Structure formats: C-alpha cells, structure tokens
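Okay, so here's the structure we're looking at.
The values are calculated or read from the model by the stated rules, or taken from the named source; none is laboratory data. Being a predicted model, the structure only gives us computed values, none of them experimental. As a convention, Cβ positions derive from the backbone with ideal geometry for all residues, glycine included, and neighbour counts pool all protein chains shown. Side chains included, ligands, DNA and RNA excluded: accessible areas come from the protein's heavy atoms. Shrake-Rupley method; radii C 1.70, N 1.55, O 1.52, S 1.80 Å.
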Amino acid sequence: IGKVMKILFNLFIFNLLFFFSQMLFAQTKGKMSAEELDNFLQSIFAVQDEDINYADLYESFYQLYTNPIDLNRAQPEDLKALYLLSDQQIQSFYRHQAQFGKFLSLYELQAIEHWDLETIRKILPFIRITESNFAQDNRPLLSKILTEPNNFFLLRYERTLQKRRGYQTGNYLGSPDQLYIRFRTSHSKDFSLGFTLEKDAGETGIDFWSFHAAVYNRNRLKALNIGDYQLQFGQGLILTGGFGVGKGSETIITTRRNSMGILPYSSVLESNFFRGIAATYEIARNWEITAFASQLRQDAILQQVENDTVSEAEAFINALQQTGFHRTARERQAKGNIRNTSYGTNLTWRKGTNELGFTALRTDLSTPILPLDRNYNQYEFRGVSNWNLGLNYSFVWQNFNLFGETAVSKSGGIGTVNGLMASLTEKWFMAAVFRHYDRNLHTFYGNAFSENTRNINETGFYLGFKFQPSRKITWTAYFDQFRFAWLKFLIDSPSDGFEVLTRLTYTPSRNVQFYAQYRNETKGRNLANNVNSRLDFVVPSQKQNWQINLDTRIPNMLSLRSRVQFSDYQQLGGQRTQGYAIVQDISAEYKGFQASLRFALFDTDDYDNRQYVFEKDVQYAFSIPAYYGRGFRNYYLLEYSFSKKLTLWFRYTYTLYRQQKSISSGNERIDGNRQDEIKMQLRWRL
C-alpha cells in the first residue's frame, strides 16, 4: 500500500508541476480532437453517484462533431440541443443574424451580444459555416447513403477471465463471452440507417436486435422513422428519449429538457423504447404534428391465480423486467411474455425560441400488472392499460426563460414540473424548478426532472446558481429540497430531504483545468439496526462527498488527470462510515496510436460510501463502476488506427480486493479476490 501511495503521490506532484508549466506556456490553438470529446462531456455532465448510460448522449454529440451544425441554417431547437447555450444567447444569435445577415466567418461570433469566448470555445467543435451560396445536396437519397463518410461497422467483444458461480453450477446456459455488433450510416438532419445486435455474457446466442431507418426534412415531412425509436417532447414528463441530464455541476442549462422529437434508437437497453413507425409533419407554418405507433415484446414472469384453472386470461405479472438478461432458465422463461402496444400524438406550435405543445399517449399490455402486496406498492400501476395527456410550454422574454409541463394519467394522478432560467447579469445566472408528482401518477416513458428515478410520489424545489467573474473562474451551486408523501422501498413512512452542491472551477487555459466540489445529501431511511421489525422507523441519514480534480495536457501528445474524492455517511444515532478513492490517469498519443492508463486506490467502509469514477472506454461504450470495498483498480486502454477506415481498441481492467475471499454474490460470485476483464473493439468505416 505504501509503495502504491508513493507512486500516486509522485504522479500528483508531477501533474501539479505540469499544471504550473502550462499556466506559463499555455496555448489555445487547434480544434478539439475526438479523443478529447470524452473529457469534454465529463466536464459538462458530471455524474454524482449513480451509473448513468451516456451512450445516446455521447452519440448525439459525436454526430454533431462529425456533422457540425450549419449556423446559417440552424433552427432554435438545433442550438438548444447543444445544452451549451442559454435562451438569452440563442435570442442574441438570431437578432444578430437578422441585423447583419448570413455569417461569413466563425470569427463573427465574438460580435454577438452575450456570447463570451468560453461559450464560443465550447461550441466550436459542433458548428460550421457553409459557403458557395449555401448550396444544398440534391442527390438521390440512395446515392447520399452509399457515399456518406459518416458511417461505421462496429464489432466488440468482452469477457471476465475468472469463471463466475453461474457457469460452474450450470445456471448460466451460455458462454461468458459478450458480443456487440453495430452498423450505422447517417447525416445530421438528413437520414439515418442502422442496426444493432447483442449477446450478453451467459446467454446462448444473439439475444437482442434493433433496427431503424429514418429520413428528415423532406419538404413538409420533417421526420419519418421506421423501426426502433424514442420520443422526447416538453420536459419529458410523458415522453423522454434519454437526453435528460438533470442535477450535476452544470446547474443551469441542464435543468430544462428540450423537445427533440423523434430519435432513432440504437442502444442495447432492452426497454423504454418504441418499435414501429413515427412521423412528424408540418401542417401549417409554425405547427407540427407527430404521430406514432409501436408494439414491443417485454420480459416478465407470468403468475397464475391460485386454485384456479390455468389459462392465459387468468395470468398476471408483478412487474415488467428491464434487465434484458436471458442467462438462466428462469430469465429465459420471462423473455417476451408481454406484448406492449403504444400509440399517440404530439401537436407543437413553435416560433423562434417559444414553444407550446400537447401530448397524448396510450399503452396497452397483453397481461395485467398486479404488484406485490407491500405497503409502499399501494399506489403503483395496476391493470392492462394506461393513458397520459400533457401540456408543455417554453417561452423566452428578454433574459428570462419560462418552461414546464403538466400531465395526467388514467388513474387521475397529476404531475407538473415548471422552471425559470434567468441571466441576472452578464456574470450571474439562476435557475429554479418546482415539481410535484402524485403518488398515483403513472408514466411508463417519463423521466422529467426529479430526485426519484421515476416521476411518482415527489414534491420538490430546486434552486441553482452560476457565477463567472472571469473567463477563467466559474462557481456553480444548487440547493434541492424534496418530499415524498408516501412510503418508498426501504423507507416505511413519508419522508423528506435536501441536497446541496457547490463547485469552483479554475481554467487558466484550454489545456489546464482545476476544480473542487462538495456535495451533501440528507434524506430519510429506515433505521439500520431495526431489522426485526415489520415496520421500521425512518430517521435522517446524511452523505457528504468531496472531490478535487486537476487536468493538464499538451495537445496531441500527453494529458494527466489527478483526482482525490472522499465521502462519509451517517444515520441519526448510528456510526459514521467513510470511503475514499485516489485516481491517476495518464493518456498519450502519437500519430495513429493512443494509450490511456489508470491507477486507482480505493477504501470504503460500506456500500453507502461507494465511489463512482468515470472511466475511459472504447468508443461508444461507457464505464462508471462503483469502487466498493478495499483494493486497487487499474485499466489500460489502447487505440490504434491502421488507416482512416480501420481502428482497433483493446482494454484490459485489473481489480484486486484486499481482505476478501470472494467478489459479488449468487450466480455472479467469483471465488477469490481478483477480477480481470478484457474488451476488444474493431471499427471499420465503409
């Protein structure tokens, strides 16, 4: 342990010296590389302590990176989709364009009111300005698809080298190999075509497939998607397509959802998407209507009414399963038992940055849901059908943006989320969000702003601030107060809580960044030592997190990241427990070769102090594991481009736990204290 600590300390000192040298000799020329895109997303969308799937978000930005937005043709929703511009900045952009005409150079952006250099630097990788009288590509669609440079075929393989208990006992029916195959060709705002195949570890073969074909902007037909897709309208209270960032170190812009419309689905999550057809049509100036229909098979264990004749009509389920795993006989028994039929529409009026929309959705299941008889389940969805109606809005007036959505479900439950974003001065920004979701509100595809993972049983008020006294210094903070009017899992009474975060970021140049962050979350939980009681006492529990992070880099050569994070957890009247992680990242690149290494040391007293740290992975894959227990975790990621068309990735991860004789439990258990994982990926551009 002492040797490892000494190595990490020396690396931190080296990074600190590198930091001061960069301050003296900082350069800000050059465009963001694809390798930097991972770091860029981390700095904007900070993960706190939950594993969030970033595949869709990353792909959205990568699409913009390879097909930048043409500022001379951009619509307000295109600029909102960047999550980097306030409504005040978007309004200033269109006022400037109306006054001076089409842009001729990116240097003109500096003349736009409210557009500072830091904002311009962040969006540069995702924007462009066309020339040649802005001529459009009028070739046939098939010709454009066959010649589109933004296409790829992806083949990924991964495996844990140690044998888990499920393979030893025969409970897992397939091999421990995980396979992922994907093809996609697309051009932003024009077309998208692709398919995805996946086999999870333990499954017997390719177990999931996805396909989509989409076209955009064909006269009045704004979008048409056949196959798999997601939908996002308003604040996501009824329909959310996976682009809700929520609470994080970016405390202002990410509190608001943006209406993205129809989004092709290419992820491997086997739930929360639609399979069928969706289209958006411009029925009049400023008016668009979207209609969609879907039928998707979902997993669930069929139950039977006791002491009765077994028949499909008498079957029921306790809940839909969303893991997507089909490794054991029981998991395979649950596969595709439920037929989910959904259809609906959205009508949107949009003028400039203002928007008003109405959404209707109906979902019918082939088998009724009857939740387990538990106190906290009393208001959960029951039956075979549900419908939602909702109204959403977003209006901008001077420096203020008002936005919100209100929805009702078949049960009579009502939900509403309403917010305000404001530029108080050129340096001060503020956001406020109020939400209330009834205990009997049921939205199968909703994911609006909330503390819970679902929009149900919650009332809360969020207040966020951002202060930029100079281009180099940014301070962000938020306070979020919430209350749950009914019981929750492991919380046997109504409860409340609050969350506070503050972060100070210092960026002396594009190549150097330092930040310090503190987060405190206090909420009610069942008394830990009251395990024998049927109804537990709920007492306040508090978790605090501290982070210190230093990033430095020499463009196209070397980058270093040093991070120390610490947490403590205490329940009222209980013992205080702690945890920490010390992480050092090193990345280097030379011509077509790139290498990233991590050395991490972690020590946590319990699961409440688990440490989440973003890890670099192969392209289009994400890793945000929980460092839990005591041990080391290292990974080595290599990337080599044989040519412009062929790129290979290899990732090896090594985790060693101290004072443990096994890892995980059940079928996932590994005997021993070591876990080795390999991942290989091949990308071929056609």
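In the stretch 152-178, the residues that are over 30 Å from residue 643 (Cβ atoms) reach residues that are hydroxyl-bearing (Ser, Thr, Tyr) and open to solvent by 60 Å² or more (accessible area, probe 1.4 Å) with C-beta atoms within less than 7 angstrom, at least six apart or across chains, in these pairs: 173/204; 174/204. Within the stretch 319-326, the presence of at least one residue that is in contact with a Ser or Thr (Cβ under 6 Å, 6 or more places away or on another chain) and either more than 20 Å from residue 289 (Cβ to Cβ) or open to solvent by 80 Å² or more (accessible area, probe 1.4 Å) (or both) is confirmed. Condition first: within 30 Å of residue 114 (Cα to Cα), at pLDDT below 95, crowded, with 17+ Cβ neighbours inside 10 Å and in contact with a helix residue (DSSP H, G or I) (Cβ under 8 Å, 6 or more places away or on another chain). Can you find one or more residues in the stretch 342-353 that meet it? The answer is yes; a qualifying residue exists. Taking the listed residues 198, 203, the one that is assigned to a loop (DSSP other than H, G, I, E, B), of a type outside the set (Val, Ile, Thr), at pLDDT 90 or above and surrounded by 18 or more Cβ atoms within 10 Å (Cβ to Cβ) is 203, with no other qualifying. Of everything in the stretch 306-329 that is over 19 Å from residue 666 (Cα atoms) and charged (D, E, K, R), the residue that is modelled with the lowest pLDDT is 312. If you go through the stretch 268-301 and keep only what is part of a loop (DSSP other than H, G, I, E, B), at pLDDT 90 or above and surrounded by 15 or more Cβ atoms within 10 Å (Cβ to Cβ), you end up with 273, 300.
Among the residues of the stretch 591-602, is there at least one that is free of Cβ contacts under 8 Å to residues at least 24 places away in the same chain, on the phi > 0 side of the Ramachandran plot, open to solvent by 30 Å² or more (accessible area, probe 1.4 Å) and out of contact with any strand residue (DSSP E or B) (no Cβ under 8 Å at 6 or more places or on another chain)? Scanning the stretch 591-602 turns up at least one residue that is free of Cβ contacts under 8 Å to residues at least 24 places away in the same chain, on the phi > 0 side of the Ramachandran plot, open to solvent by 30 Å² or more (accessible area, probe 1.4 Å) and out of contact with any strand residue (DSSP E or B) (no Cβ under 8 Å at 6 or more places or on another chain).
Residues that are more than 27 Å from residue 567 (Cα to Cα), of a type in the set (Lys, Arg) and under 25 Å from the mean Cα position of the chain (by Cα) within the stretch 621-664 comprise just one, 651. Identification of strands (runs of 3 or more DSSP E) wholly contained in the stretch 366-424 with 3 or more residues that are among the hydroxyl-bearing types (Ser, Thr, Tyr) and either crowded, with 18+ Cβ neighbours inside 10 Å or on the phi < 0 side of the Ramachandran plot (or both) yields 383-397. Scanning the stretch 467-515 for residues that are polar (S, T, N, Q), open to solvent by less than 50 Å² (accessible area, probe 1.4 Å) and assigned to a strand (DSSP E or B) gives 474, 476, 495, 502, 505, 507, 509, 513. Taking each residue of the stretch 561-573 that is open to solvent by 60 Å² or more (accessible area, probe 1.4 Å) and looking for partners that are aliphatic (A, V, I, L, M) with beta-carbon atoms closer than 7 Å, six or more apart or interchain, yields 564/548; 564/582; 572/539; 573/539.
Among the candidates 262, 252, 181, the residue that is out of contact with any helix residue (DSSP H, G or I) (no Cβ under 9 Å at 6 or more places or on another chain), buried (at least 22 other Cβ atoms within 10 Å of the Cβ) and of a type in the set (A, V, I, L, M, F, W, C) is uniquely 262. A Cβ distance below 6 Å, combined with a sequence gap of six or more or placement on separate chains, defines the contacts here; from the stretch 620-632, residues that are under 12 Å from residue 663 (Cβ atoms) reach residues that are open to solvent by less than 10 Å² (accessible area, probe 1.4 Å) in the pairs 628/604. Here is the figure for the stretch 427-452: residues that are farther than 11 Å from residue 235 by Cβ, in a loop (DSSP other than H, G, I, E, B) and not aliphatic (A, V, I, L, M) total 10. For the stretch 112-122, check the following and say yes or no: at least one residue is more than 30 Å from residue 92 (Cα to Cα) and exposed (fewer than 14 other Cβ atoms within 10 Å of the Cβ). Checked the stretch 112-122: no residue is more than 30 Å from residue 92 (Cα to Cα) and exposed (fewer than 14 other Cβ atoms within 10 Å of the Cβ). Looking across the stretch 404-426, not a single residue is modelled with pLDDT under 95 and closer than 13 Å to residue 236 by Cβ. Here residue 217 passes the criteria (1) under 24 Å from residue 682 (Cα atoms); (2) of a type in the set (S, T, N, Q); (3) in contact with an Asp or Glu (Cβ under 9 Å, 6 or more places away or on another chain) except the one numbered (1). Take the residues in the stretch 68-87 that are of a type in the set (Asp, Glu), touching a strand residue (DSSP E or B) at 6+ places or on another chain (Cβ under 7 Å) and outside any strand (DSSP E or B); name whichever of them is most open to solvent (accessible area, probe 1.4 Å). Checked the stretch 68-87; the qualifying residue most open to solvent (accessible area, probe 1.4 Å) is 78. Against the numbered list (1) in contact (Cβ under 8 Å) with a residue 12 or more places away in the chain; (2) in contact with an Asp or Glu (Cβ under 8 Å, 6 or more places away or on another chain); (3) more than 23 Å from residue 596 (Cβ to Cβ), residue 662 comes up short only at (1). Name the residues in the stretch 453-466 that are touching a residue at least 40 places away in the same chain (Cβ under 8 Å) and in a strand (DSSP E or B), would you? Hits for the stretch 453-466 are 462, 464, 465, 466. For the stretch 449-456, the criterion of being open to solvent by less than 40 Å² (accessible area, probe 1.4 Å), touching a helix residue (DSSP H, G or I) at 6+ places or on another chain (Cβ under 9 Å) and either within 19 Å of residue 369 (Cα to Cα) or not aliphatic (A, V, I, L, M) (or both) is satisfied by at least one residue.
Here residue 654 meets the list (1) surrounded by 14 or more Cβ atoms within 10 Å (Cβ to Cβ); (2) in contact (Cβ under 8 Å) with a residue 40 or more places away in the chain almost entirely, failing just condition (2).
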